[in-house]
Amino acid sequence: MRSLVVAIATFLALSVLSCQDTRVEDQKHETDVAVYRNFGHQIPYETGVQWMEYYQQQQGGVQGRKNLLGLGLFSYTISAPQMEAMTASVSDLVGVAFHWAIDDDGDTHIIAIPVDPTLRLWTSIPGRIYIDSNTGNAISQTVAQAWAQNYKDEHPTGIWFHFFGETVINQVLAVPYFNSVDIEPAINILNLLPQMLLIVWNEDLLPFGRSEAERATVFDASNPCPPCACE
């Protein structure tokens, strides 16, 4: 009888501890979600230019890309209608992950992935839209995940994606006459950390024929992953 009492007491104690652990995990997850909604912020135009130029220098030159000074063409772009459809494809948007990827031909892509409170990039959510910013078109989750895995396999210790929170995404969508957003890799010249910039254009600020006083709106993620709670 004594053994039975001890066994029951032990079971109850473990159950209580398990419940406490679950509550702690749930509270941590809720905190992570709240924090992730606010990742990213607007930075000065001139700072964005400096960070992009430094990245390009480290890559050995412009390599056919365009920075905010007008040196070519952006490779990664999402139109306003695509951004609106993509961000609306999950019921409770926490933010958007911009994930590096490599296709079967070895070409580099950036895939935009809307993220809900699960903070999971690859769970099956009916209707979730994945955008290939190279073409501006939606691609299937299967293709997006395969291409992302190709990049992770080739860069196992690198940065795989950058996360912008709902607050910044809403600011992007609220830019008057928002036309498109360009996604540009950069390096923070203060701490030399990899960054990803969102460069927002509207119909009154086109990349051609711009005056010296005109500026795009630039946002910095400030949250390269890994490490992060989003996966």
Worksheet item: Pulled fully out, how much extra length does the chain show between ASN170 and TYR54, if you take 0.36 nm times their separation in residues and subtract their Cα-Cα distance?
Response: 38.9 nm
Discussion item. So the label point goes 7 Å from the Cα of ASN179 along Cα→C-beta, right? Which residues of region 114-149 then have their backbone N under 18 Å from it?
Written reply: 136
Worksheet item: Given H placed 1.01 Å from N in the peptide plane, which residues other than close sequence neighbours of GLN195 have an amide H under 5 Å from its amide H?
Response: ALA186, ILE187, ASN188
Discussion item. Would any residue of region 88-108 have its amide N under 12 Å from a label point 7 Å out along Cα→Cβ of ASN38? List them or say none.
Written reply: none
Worksheet item: For region 163-193, which chymotrypsin sites (Phe, Trp or Tyr not before Pro) are both in a DSSP coil and crowded by at most 15 other Cβ atoms within 10 Å?
Response: TYR177
Item to complete: Compute from the Cα atoms of region 94-189 the Rg and the Dmax, the latter being the longest Cα-Cα distance, and quote both in angstrom.
Response: 13.7, 41
Worksheet item: How many times 2.2 N^0.38 Å is the alpha carbon radius of gyration of region 37-225?
Response: 0.97
Fill in: Point-charge dipole on Cβ atoms (K/R +1, D/E -1) for region 37-225, about Cα centre, debye to 20
260 debye
Worksheet item: What residues have an amide H closer than 5 Å to that of SER75, excluding those fewer than 5 places away on the same chain, when H is modeled at 1.01 Å from N in the peptide plane?
Response: LYS66
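All of the numbers you see were taken from the coordinates with simple rules; none came from a lab. All values reported here derive from a predicted model rather than from experimental measurement. Methodologically, a virtual Cβ is constructed for each residue, glycine included, from the backbone with ideal geometry; neighbour enumeration extends over all protein chains shown.
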